[in-house]
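Any read-out appearing in this document is the output of simple, stated calculations on the displayed coordinates, not a laboratory observation. Just so we're clear, the structure is a prediction, and the values are computed from it rather than from any experiment. Every residue, glycine as well, gets a Cβ built from its backbone with ideal geometry; the counts of neighbours run over all protein chains shown.
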Amino acid sequence: MEVVRFAAGATIFEEGQHGRRAFIVRSGLIEISKSTAAGDAVIGYVGAGKIFGEMSPIDRLPRMSGAKAVRDTDCIVISRDQFARKLSRSDPFIRDLLHMLLRSMRDLTDDFVKLNDRSNEEITAA
């Protein structure tokens, strides 16, 4: 089991990068952000016991958000190969369902960003 430490303020990955690893937070706090027309928007925080960065290693699409350490953070690393090995042994229905859920999550996030951008434009125009 690989464990990595990120210092407070460290960028773990950027939106648009291809991801080969996901992370489970052992201690610390991670900020997840998404680019919008108005700049980067924080869309959430990930604390101990939670996973982040899992979508790209599974669906092999670019990262849909960026992640940085809010404070010193220790994470367990899960590689794309580990995901692939586990998924290859799972029921094909479960694999397909997982990919559909990931696609839905990406679509919903894109819709949220578009809605947020429109709201910001309306506020600025008012």
Item checked: Dipole of region 3-125, positive end: most advanced residue of 11, 58, 112 [Cβ charges, Cα centre] -> 58
Check: Nearest 0.05, what FRET efficiency do residue 40 and residue 88 give at R0 = 30 Å with Cβ-Cβ as r?
Finding: 0.25
Check: Magnitude of the Cβ-charge dipole of region 3-125, K/R +1 and D/E -1, about the Cα centre, nearest 20 debye?
Finding: 660 debye
Next item on the list: Could you state the angle between the C-alpha long axis of helix 92-125 and the longest principal axis of the C-alpha atoms of the chain, as a value from 0 to 90 degrees rounded to the nearest 10?
Entry: 20 degrees
Item checked: Calculated FRET value between residue 79 and residue 114, using beta carbons and R₀ = 41 Å, to 0.05 -> 0.80
Check: Using a basic spin-label model with each label point 7 Å from the Cα along Cα→Cβ, how many nm lie between residue 20 and residue 60?
Finding: 1.4 nm
